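The values are calculated or read from the model by the stated rules, or taken from the named source; none is laboratory data. Computed from a predicted model, the values in this text were never measured in an experiment. Quick reminder, even Gly has a Cβ in these numbers, built from the backbone with ideal geometry, and neighbours come from all protein chains shown.
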Amino acid sequence: MQTESRQSIKHWPSISQNFGVQASLSVPLDGGAVELCKELARRKIEKERLDYELVRVKECVKIMKLGYTLRPDSPFYAICADVIPVSALPSFLPPSPLTSESYSRPVESQVLRQ
């Protein structure tokens, strides 16, 4: 910012110029507040990601219940590719070494047997 003033009193001209600069430096005194803010931001991002995934699965299930699916050559096919009905689950999983009998026993007896 510059201010210039010119006055003429009889034969003596007067010229003055003023210049100004302002700078500010801000340093947090408590680093804990910054870390708290970062942690809250991480939690918010995690929550938004979880919300996105839940809505994605919900919408895929809705599409499947209506009897529709996405074409395999569609760029959006991957969105619902990992959503499968529970009835189809055993065909996707490898056979488990545990038998159905071991599921009915208490946990303590399973630990003692091994």
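Only a single item in (1) of a type in the set (Gly, Ala, Ser); (2) assigned to a helix (DSSP H, G or I); (3) at pLDDT 90 or above is not met by SER91, and it is number (3). Would you point out the residue of the range 54-87, among those that are part of a loop (DSSP other than H, G, I, E, B) and among the acidic types (Asp, Glu), that is nearest to the chain's Cα centre (by Cα)? Residue satisfying both the conditions and the ranking: ASP82. If you go through the range 26-43 one residue at a time, do you hit one that is out of contact with any strand residue (DSSP E or B) (no Cβ under 7 Å at 6 or more places or on another chain), under 27 Å from VAL83 (Cα atoms), at pLDDT 85 or above and assigned to a helix (DSSP H, G or I)? Yes, that holds for at least one residue.
Listed by first and then second residue, the pairs linking a residue in the range 70-90 that is over 18 Å from LEU54 (Cα atoms) to a residue that is assigned to a helix (DSSP H, G or I), with Cβ atoms under 7 Å apart and 6 or more places separating them unless they lie on different chains, are LEU70/TYR77; LEU70/CYS80; ARG71/TYR77.
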